[in-house]
1. Which condition number in (1) in a helix (DSSP H, G or I); (2) surrounded by 15 or more Cβ atoms within 10 Å (Cβ to Cβ) is the one that LYS122 fails?
2. Identify the residue in region 19-51 that is assigned to a loop (DSSP other than H, G, I, E, B) and among the aliphatic types (A, V, I, L, M) and, among all such residues, is modelled with the lowest pLDDT.
3. Need pairs with beta-carbon distance below 8 Å; first residue farther than 12 Å from PHE280 by Cα and within region 230-253, second of a type in the set (Asp, Glu) and at pLDDT 80 or above; sequence gap 6+ or separate chains.
4. Can you say whether ALA44 is loosely packed, with under 15 Cβ neighbours inside 10 Å, more than 30 Å from THR136 (Cβ to Cβ) and among the aliphatic types (A, V, I, L, M), as far as the supplied structure shows?
5. For residues in region 322-347 being farther than 19 Å from ASP276 by Cβ and touching a helix residue (DSSP H, G or I) at 6+ places or on another chain (Cβ under 7 Å), which is surrounded by the most Cβ atoms within 10 Å (Cβ to Cβ)?
6. Based on what the data block shows, is MET257 touching a residue at least 40 places away in the same chain (Cβ under 8 Å) and under 36 Å from the mean Cα position of the chain (by Cα)?
7. Take ARG263 and tell me if it is in contact with a strand residue (DSSP E or B) (Cβ under 6 Å, 6 or more places away or on another chain), under 25 Å from THR342 (Cα atoms) and touching a residue at least 12 places away in the same chain (Cβ under 8 Å).
8. Do you know which residues across region 220-275 are surrounded by fewer than 17 Cβ atoms within 10 Å (Cβ to Cβ), assigned to a helix (DSSP H, G or I) and modelled with pLDDT of 85 or more?
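The values are calculated or read from the model by the stated rules, or taken from the named source; none is laboratory data. In this text, all values refer to a predicted model and were calculated from it rather than measured experimentally. Note that we place each Cβ from the backbone using ideal geometry, even for glycine, and neighbour counts take in every protein chain shown.
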Amino acid sequence: MVVAIRGRILEEFGKVETQIAANPELWRELSFEAHKELCKVLGANFIDYPEFEFWFSRFLQGNFDLDYDRRSDPKTRSLIDLPQDVFKNVGENLELHDRFQLRNVCKDFRIQIDNWDLKVTKIYYNHAKDWRVTQTSRPEPYCAADFGTNENNISSSGFYRNPISFVMNILKHPKLRLEKLTIDLQSISCKKLIKRLDASNRKLHVKKVHFPYYCSSSNNDLHFMIPGVLEEIILSNLTGREFYYIIKSEQYQAAKMVHIESRTATSYFPLTSLYDCPRFTLKLGGRPADALKAMFLKKLMNKGNVQECAIYAEREIMKYFNEPEAMVPNFPTLRRYPIRKTNDFYEIEYQGEAVRLERKP
């Protein structure tokens, strides 16, 4: 029976042998057509195409032994059979969107690919048409202009994967270690990303996060970031009132530094909201208001909760800290104030454009 099947394949080969001799590049196309015609006669399950193609190829090479035992064939190897270091070297040279497609091929690929370093260090995400992904191994960042905007993955200019899928694949990757994330929490696209991230039970490993636009306390929820990893938080265009609620969260209390920028004048900014912020920098709009800033610093020292802070101010602010007992010999810009009921003290120094306050033992 097996030999008879091979004989039928040989007959089909004979029908197109002359065509192949004239146009060798057409052999695979003619092989496929011959298989289709044979299946029409003998049934769709008569022989699968890979087996048919094997014998067709042998006949094309002049091997007409119908009794050939295929058990002596060299073992067929797939891509997954490559040594892991070779597979990794190949994969890490792929563009990220190609790597994600390879990841979706099978579970074995996914396990290996998820152990590769993404080399993605920064993500800026404003909305679906305004984002950038920086990869250390790539000279230019990926950006929205590289992708079509169709949510259904329909081909368009640029890569055919839609941008939200691409960014989500990065955010959900277990090896993602971001140095900086810049994100507008109020945009609809960002809310979609965070919702999908929540559904995947994945939290982001981020060292520094920047919120470039005003966001209300209800939107400034950092639950999607791994607690204890976040070191710096940058808040731009803050109005001030929402900070009363924001600063009490676990992520803000644990951060090594919270940077606050606001166009609000010192006299209108709720400075009292910072009494419970252990580490921060503050840059406000309006006039210098050195007297108000100096008064605020003294209240901070009386509260004793702040560990370190810097407030942008004019050099003249130091005239409000001229108590003889606070002066440090040979250091005209340095002051020291003991903290009541402790052995610690606060050190104040004017550096660059800001006056800095730090608690020291």
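1. (1)
2. Taking region 19-51 first, the residues assigned to a loop (DSSP other than H, G, I, E, B) are 23, 43-48.
Imposing the further condition that a residue be among the aliphatic types (A, V, I, L, M) reduces the set to 44, 47.
On the way: ALA44: 77, ILE47: 86.
Ranking the qualifying residues of region 19-51, first place goes to ALA44.
3. Correct list of pairs: SER236/GLU261; ASN237/GLU261; LEU238/GLU261; LYS248/ASP276.
4. Numbers: loosely packed, with under 15 Cβ neighbours inside 10 Å: yes; more than 30 Å from THR136 (Cβ to Cβ): yes; among the aliphatic types (A, V, I, L, M): yes.
It is true that ALA44 is loosely packed, with under 15 Cβ neighbours inside 10 Å, more than 30 Å from THR136 (Cβ to Cβ) and among the aliphatic types (A, V, I, L, M).
5. ARG335
6. Details: touching a residue at least 40 places away in the same chain (Cβ under 8 Å): yes; under 36 Å from the mean Cα position of the chain (by Cα): yes.
Yes; evaluated as a whole, the condition is true for this residue.
7. Numbers: in contact with a strand residue (DSSP E or B) (Cβ under 6 Å, 6 or more places away or on another chain): yes; under 25 Å from THR342 (Cα atoms): no; touching a residue at least 12 places away in the same chain (Cβ under 8 Å): yes.
It is false that ARG263 is in contact with a strand residue (DSSP E or B) (Cβ under 6 Å, 6 or more places away or on another chain), under 25 Å from THR342 (Cα atoms) and touching a residue at least 12 places away in the same chain (Cβ under 8 Å).
8. GLN253, ALA254, THR272, TYR275
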